[in-house]
Amino acid sequence: MHTPNRDLLKTLSFATLHFGVAFTVAYALTGSVAVATGIGLIEPIANTVAFYFHERAWRRVDDRAAPRKNATGMCCALHGAG
């Protein structure tokens, strides 16, 4: 089951992974721990916030699609029974 808490936990997991990738790439390009740390913090924070709302938006899309799927299934079940 998808809940806001699950989405938040998934977002934090993503943020940790993203920080590691951003830091590594920035360090490889600049050779500076300070610059890599700055980039590694700022860019993933912005992306993490965007990702959380992206996940919530898609959850709403899924929730809206679910009733239509159930209604179609009931319709077909009724026609098959007749």
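The values are calculated or read from the model by the stated rules, or taken from the named source; none is laboratory data. Keep in mind the model is a prediction, meaning the values are calculated, not measured. Using ideal geometry, Cβ is built from the backbone for each residue, glycine included, and neighbour counts are taken over all protein chains shown. Note: areas computed on protein heavy atoms with side chains; ligands, DNA, RNA excluded. Shrake-Rupley method; radii C 1.70, N 1.55, O 1.52, S 1.80 Å.
Here are the numbers for the structure shown:
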read-out: Close pairs from region 54-67: first under 14 Å from PRO4 (Cβ atoms) and part of a helix (DSSP H, G or I), partner charged (D, E, K, R) and open to solvent by 80 Å² or more (accessible area, probe 1.4 Å), Cβ under 9 Å, at least 6 apart; value: GLU55/LYS10
read-out: Residue list for region 26-42, filter: open to solvent by 70 Å² or more (accessible area, probe 1.4 Å) and either within 19 Å of GLU55 (Cβ to Cβ) or at pLDDT below 95 (or both); value: ILE39, LEU41, ILE42
read-out: Residue match in region 64-80 (condition: modelled with pLDDT of 90 or more and either more than 27 Å from THR11 (Cβ to Cβ) or open to solvent by less than 90 Å² (accessible area, probe 1.4 Å) (or both)); value: no
